[in-house]
Amino acid sequence: MPEAALPFDEAERLLSLTRSGLLEGRANRRIKGVTELATRALKRPMAAVSLVTADKQVLRGAIRMPTAPTPRAHSFCAHAILQPDRPLIVENAQEDRRFANYPQVTDPKFRLRFYAGMPLRLPDGHAAGVLCALDQVPGTLSDFQIAILRELAETVEDIFAEQAPAAGERLTLLQELRRAASAGDFTLQWQPIARARDLQVHGHEALVRWTRPGGVPARPDDFIPLAERSGLIGRIDRAVLWAACTEMASLPDERRLSVNVSARWFGLARPRLPGLIAQVLASTGLSPDRLTIELTERVIVDNPDRALWELRDLKAIGVRLALDDFGTGYSSLSYLEAYPFDIVKLDKTFVRGLGANERSEAVVKAVIRLGHDLGMMLCAEGVETERQLEFLRIHDCDLVQGYLLGRPGRIRP
Ligand code: G
Ligand code: G
Ligand code: MN
């Protein structure tokens, strides 16, 4: 039976875990609250937070866990922390070489079969241990249960960082979002995109809005990351695409629209975005050249090869592609050359510096020039002042978007 490898950052990890004080800390009632929620939400009899030390596991908030000592080398959790960003799910430990001779699996007193563990990070990023649920019956987790496990793990991380919002609040938000996603309960605001030269309207970008039960408005920055972690983003983007294309197709003129789509679509086992977009266009009667799909570079960073052919499939439908938020993240200039984007959207952090910061100005000038040489249009986001607009015009930026030109709102027929 193979021993668990050591994480690449093992020395620093152990130092960080020791310094965190978590190993001395007494059982934390809030952690117990989370493990209780885990047993209920995942419908498993056992759960715990286990801290992985040099040679063993230290349990916190454990519920009905076997009390036998767990040497690290063959433990579930020691394997789980090797992939700190995703859960380890063992459907049947008896059929998994890594655990087939593990006493917790073979000993008739325990006979563990099912394991689901989400690694937990310390505030400095090193893995401290795992939030795990176990069962003597083999099984699996649904996507939604995996999302719950991830949320609960984040709650434990917050407790580690001594800044815990109640676990209940996170779950409530997730459940509300799930209901909204099923019902397609979102609205759109439209922000105009104008030609820099004469400020004629070029098109509109659809921005999703969600009102939580009780009338609390939530902004995308509050719920899109959660939707992406929990797999609900597909339903949200689908609802937005349908609503945006339906609304635009019903207008008497031929206005263009832009819709944001999550990079998550590009990690799916089979490509689904081209099919969805083709279907929406066919059903609404919207001409493909009126639609621009906005994607961030995460599409490329996460799946560089896959992105290339999937973006080409999208182009083949006849829609345009925009690289959104350019200037944040890696923003490699090689993306512009290698991937078939029609439009580059310069992030507002650059635009903010125009007229004030020479370095921002140099970058903006260079990206406009390069984009044009590669046959792309440039769109500047977050244009708020006449001075910024003037700079962009002088340097031949094609399109502008921002509060100066119009805030997100209703579209005027
Ligand atoms: O203006 P605003 O706060 O709406 O937008 C914040 C972020 O949310 C932007 O980066 C935008 O790309 C993203 N966003 C807005 N609407 C959608 C949507 O329908 N789907 C996805 N995936 N992202 C969106
Ligand atoms: O998709 P993207 O990340 O580009 O979404 C645009 C975001 O920028 C939205 O959150 C929108 O509300 C916001 N926004 C649009 N115009 C301006 C602006 O002029 N200034 C600032 N600060 N934000 C803007
Ligand atoms: Mn956008």
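Details
- Here P304 does not qualify as more than 14 Å from ligand 3 (Cβ to nearest atom), under 28 Å from W242 (Cα atoms) and touching a strand residue (DSSP E or B) at 6+ places or on another chain (Cβ under 9 Å).
- Enumeration of residues in region 258-304 that are under 12 Å from I317 (Cβ atoms) and either among the hydrophobic types (A, V, I, L, M, F, W, C) or within 11 Å of ligand 1 (Cβ to nearest atom) (or both): L273, L276, I277, A278, V280, L281, A282, L286, L291, I293
- A count restricted to region 294-309 and to residues that are in contact (Cβ under 8 Å) with a residue 12 or more places away in the chain, surrounded by fewer than 19 Cβ atoms within 10 Å (Cβ to Cβ) and part of a helix (DSSP H, G or I) stands at 4.
- Residues of region 310-330 that turn out to be farther than 24 Å from W242 by Cα and crowded, with 18+ Cβ neighbours inside 10 Å, as a count: 2
- Condition check for G382: in contact with an Asp or Glu (Cβ under 9 Å, 6 or more places away or on another chain) and closer than 27 Å to P288 by Cα: yes
- Only one entry in D96, D55, D9 is crowded, with 16+ Cβ neighbours inside 10 Å and acidic (D, E), namely D96.
- In the condition set (1) within 15 Å of ligand 2 (Cβ to nearest atom); (2) among the acidic types (D, E); (3) more than 17 Å from the chain's Cα centre (by Cα), E228 is compliant with all but (3).
- A11 meets all of the listed conditions (1) farther than 24 Å from L141 by Cβ; (2) in contact with a Leu (Cβ under 6 Å, 6 or more places away or on another chain); (3) part of a helix (DSSP H, G or I) but one, namely (2).
- Here F341 meets each of (1) more than 14 Å from ligand 2 (Cβ to nearest atom); (2) over 25 Å from the mean Cα position of the chain (by Cα) with one exception, condition (2).
- Only helices (runs of 4 or more DSSP H) whose full extent lies in region 331-390 are considered here, and the ones with at least 2 residues that are in contact with a helix residue (DSSP H, G or I) (Cβ under 7 Å, 6 or more places away or on another chain) and under 24 Å from D302 (Cβ atoms) are 333-338, 358-373.
- The combined condition, being within 16 Å of ligand 3 (Cβ to nearest atom), more than 17 Å from the chain's Cα centre (by Cα) and not hydrophobic (A, V, I, L, M, F, W, C), is fulfilled by E205.
- Residue selected from region 342-355 under the condition surrounded by 15 or more Cβ atoms within 10 Å (Cβ to Cβ) and either hydroxyl-bearing (S, T, Y) or within 13 Å of ligand 3 (Cβ to nearest atom) (or both), by the criterion nearest to L291 (Cα to Cα): I343
- Taking the criterion of being under 19 Å from P119 (Cβ atoms) and touching a Lys or Arg at 6+ places or on another chain (Cβ under 6 Å), the only residue of region 80-108 that qualifies is A93.
- Cβ-Cβ under 7 Å pairs, at least 6 apart or on other chains, region 249-277 side more than 17 Å from A206 (Cα to Cα), far side within 16 Å of ligand 2 (Cβ to nearest atom) and among the aromatic types (F, W, Y): R272/W265; L273/W265
- Of the residues R290, R306, R264, R312, the single one that is in the same structural domain as H202 (by TED's automatic domain parsing), within 16 Å of ligand 2 (Cβ to nearest atom) and not small (G, A, S) is R264.
- Test: residue in region 179-194 that is within 16 Å of ligand 1 (Cβ to nearest atom), surrounded by fewer than 18 Cβ atoms within 10 Å (Cβ to Cβ), closer than 30 Å to V49 by Cβ and basic (K, R): no
- Residue count for region 215-250 under the criterion of being among the β-branched types (V, I, T), modelled with pLDDT of 95 or more and more than 12 Å from ligand 1 (Cβ to nearest atom): the result is 1.
The values are calculated or read from the model by the stated rules, or taken from the named source; none is laboratory data. These figures come from a predicted structure and were not determined experimentally. Methodologically, a virtual Cβ is constructed for each residue, glycine included, from the backbone with ideal geometry; neighbour enumeration extends over all protein chains shown.
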